[in-house]
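Only one structure is covered here, and it is reproduced in the block below.
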Amino acid sequence: MSLLRKLFSDKSATGGATTQFQDSDSGNAAGPRDTPRRELVHVVLRDTMRRHGIPSDWIDCRVLSVVSRSSASGVHVTFIVRGGQDRLLAYVPAFQSSFWDAIRQFEPRARDWLFSLSWQFDGMARNPGMPDPASWTAASGAPAPVAPGPVPQDELQEDLQALFAIRDAVLRESPQAPNFEATQPLRREPPAGSSFDATQPLKR
């Protein structure tokens with residue numbers, strides 16, 4: 001109990017937390033700044049699920065906008081699994097890696113503002129409980145693969161257009177956006193020592 005009192009007393013003495021949390025649905029100051037980022041997270045999640053054939057109602061997303069003590073704004077993302085928990089659990093690391101690869105294709109600096117990515121499993125009616133401790137070192141069979149589903153081409157095209165639009169909005173708001181110059185035509189210079197005179201007529 002003394003440790004708990006110390007923790008709470010230290011928290012009250014500091015006068016506030018080092019990070020301000022704001023819900024993604026709130027209308028606070030950090031909300032509008034992170035709106036393109038929240039949209040990017042939702043669109044990339046939906047596209048990643050469709051690409052791997054996961055039903056659209058299995059995974060939901062919650063985005064929490066935050067402002068750190070150094071005034072850096074970003075988001076915390078939680079994937080909420082509402083269906084297929086027993087089948088998706090074994091593929092969480094692979095799905096998470098696929099999501100990161102996809103979002104970095106449209107926003108290479110996503111790691112700078114997407115502070116954390118967590119998972120929440122809801123609706124697990126039948127919980128088998130923890131296994132025997134020795135089972136962690138025993139050989140286990142491969143998990144059942146997730147059945148792929150059809151991917152409509154028109155929906156993929158709409159998602160790609162939305163992703164590029166969101167990416168452009170994020171880059172416009174980023175203070176460290178790269179400054180690219182206009183593309184210039186390639187100029188070929190003759191190699192050194194290869195100066196040729198004008199062609200002269202052949203003298204017989």
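Quick notes
- The set of residues in segment 81-119 that are touching a helix residue (DSSP H, G or I) at 6+ places or on another chain (Cβ under 9 Å), of a type in the set (A, V, I, L, M, F, W, C) and closer than 20 Å to R167 by Cβ comprises F99, W100, A102, I103, F106, A110, W113, L114, L117.
- Listed by first and then second residue, the pairs with beta-carbon distance under 6 Å, at least 6 apart or on different chains, first residue in segment 164-177 and farther than 13 Å from V41 by Cα, second at pLDDT 75 or above, are A169/P36.
- Set F99, F115, F164: member being under 15 Å from the mean Cα position of the chain (by Cα), exposed (fewer than 12 other Cβ atoms within 10 Å of the Cβ) and either modelled with pLDDT of 90 or more or part of a helix (DSSP H, G or I) (or both): F164
- The set of residues from segment 58-102 being among the aliphatic types (A, V, I, L, M) and more than 17 Å from L45 (Cβ to Cβ) comprises V66, V67, A72, L89, A90.
- Of all residues in segment 59-72, those that are closer than 30 Å to G84 by Cα have Cβ atoms under 9 Å from Cβ atoms of residues that are of a type in the set (D, E) and surrounded by fewer than 18 Cβ atoms within 10 Å (Cβ to Cβ), 6 or more apart or on another chain, in D60/D122; R62/D23; V63/D23; L64/D23; S65/D23.
- Qualifying residue in segment 71-84 (condition: in a helix (DSSP H, G or I), within 21 Å of the chain's Cα centre (by Cα) and at pLDDT 90 or above): no
The values are calculated or read from the model by the stated rules, or taken from the named source; none is laboratory data. In this text, all values refer to a predicted model and were calculated from it rather than measured experimentally. Cβ: placed from backbone, ideal geometry, glycine included. Neighbour counts: every protein chain shown.
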